[in-house]
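Novice: This is the structure, below, for whatever I ask next.
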Amino acid sequence: MFELTEIRREVLAAACDTVVPAIARVPDPDGFFARKASDLWVPQVIEYLLAHMPEEQRASLLALLDTLGSQGFTGCSPLMRAQIMHAISVREPNASQAIDALRALTLFLFYGLGDDRGQNPNWVTLGYPGPIAPAPTREKPLVPYIPDGDTTLDADVCIVGSGAGGGVMADVLSEQGLSVVVLEAGGYFDDGDFTQLEIPAYQNLYWRGGPTQTADRNVTLLAGGCLGGGTVVNWTNS
């Protein structure tokens, strides 16, 4: 099981609080400016996500934490920490990409994480109400077959992926009288599963949990990772 060392954990918390620091401001009726990233458990969530990242991305972020740690990062003032991150970003291209990724992830979680009621304290200041209605309750129209072990299925055609291409192919071929098996790695989510919360939507519906960069980090992809694939989630990207 992946777990950060205590030093890396402290550096990660300090880095997140550098991206979203506490700022003394009067008035601050909702505590928005005084709220830093670690107040919303952002470092802990990032540590969890690190365990599920592709090895290359995880190694890049761990290398950044080690580099920051070697600079005495946790003992510096917030201003000095920001200067250290900027200097490393300018000096080392690989570290710059890791810093960009950490910054984006920290902000995404800081404004997107919800509590047990699905609410984020930052939304009060932003005037965002959160989910406006409960998810509808109705029976799901499909019942996927989920094997509980090694299974052999006989079919004329096996289609890998249930997205726009795979779904249409399965429909056309089955209409021709062929038996078709569609393999889907993702889960099955329907209207009743849609909570109107951004982070659960990314986790459940998107490949690798949301925006995923190519190996050279020049392009960011959004791909469906659930039953129905892009027909469920990516219609706004066409």
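Values in this text are rule-based calculations from the coordinates and carry no lab data. Just so we're clear, the structure is a prediction, and the values are computed from it rather than from any experiment. Cβ atoms come from the backbone with ideal geometry, glycine included; neighbour counts cover every protein chain shown.
Novice: Quick check: pseudo-label points 7 Å beyond the Cα along Cα→Cβ at Thr152 and Glu198, how many nm apart are they?
Specialist: Each label point is offset 7 Å from its Cα along the Cβ direction, giving 5.0 nm.
Novice: Now, a different point. Using only alpha carbon pairs under 8 Å that are at least six residues apart, calculate the relative contact order of the chain and give it in whole percent.
Specialist: 14 percent
Novice: Continuing with the same structure: Using 0.36 nm per residue, how much length does the chain from Ile132 to Gln119 gain when fully extended, once their Cα-Cα distance is taken away?
Specialist: Value of the extension gain: 3.5 nm.
Novice: Still on this structure, please answer the following. Please list, ordered by chain and number, the residues whose modelled amide H lies under 5 Å from the amide H of Leu221; skip anything fewer than 5 residues away on the same chain.
Specialist: Thr212, Gln213, Thr214
Novice: Rounded to the nearest 0.05, what FRET efficiency is calculated for Val160 and Glu56 with R0 set to 25 Å and r the Cβ-Cβ distance?
Specialist: That pair, Val160 with Glu56, gives E of 0.55.
Novice: Before rounding to the nearest 500, sum -39500 (n - 2.57) across all DSSP H runs of length at least 4 in the chain and divide by the residue total; then give [θ] at 222 nm in deg cm²/dmol.
Specialist: It lands at -13000 deg cm²/dmol.
Novice: Considering the chain as a Gaussian network with a 10 Å cut-off on Cα pairs, which listed residue, Gly127, Gly118, Gly209, attains the greatest mean-square fluctuation?
Specialist: Gly127
Novice: Continuing with the same structure: Hey, fewest Cβ within 10 Å first, where do Asp216, Asp156 land in order?
Specialist: The order, fewest Cβ neighbours first, is Asp216, Asp156.
Novice: Give me the extension gain from Asp28 to Met1: residue separation times 0.36 nm, minus the current Cα-Cα distance, reported in nm with one decimal. Don't skip to the answer; put the middle values down first.
Specialist: On the way: separation 27, 0.36 × 27 = 9.72 nm, distance 4.10 nm.
Extra length available between Asp28 and Met1 comes to 5.6 nm.
Novice: Going by C-beta contacts inside 10 Å, put Leu222, Leu126 in order with the fewest on the left.
Specialist: In increasing order of surrounding Cβ atoms, one gets Leu126, Leu222.
Novice: With the dipole of segment 6-126 worked out from charges on the C-beta (+1 for Lys and Arg, -1 for Asp and Glu) around the Cα centre, which of Leu12, Leu40, Pro27 lies farthest toward the positive end?
Specialist: Pro27
Novice: Here's another thing I want to ask about it. Points 7 angstrom from Cα along the Cβ direction at Met80 and Leu107: gap in nanometres?
Specialist: 2.7 nm
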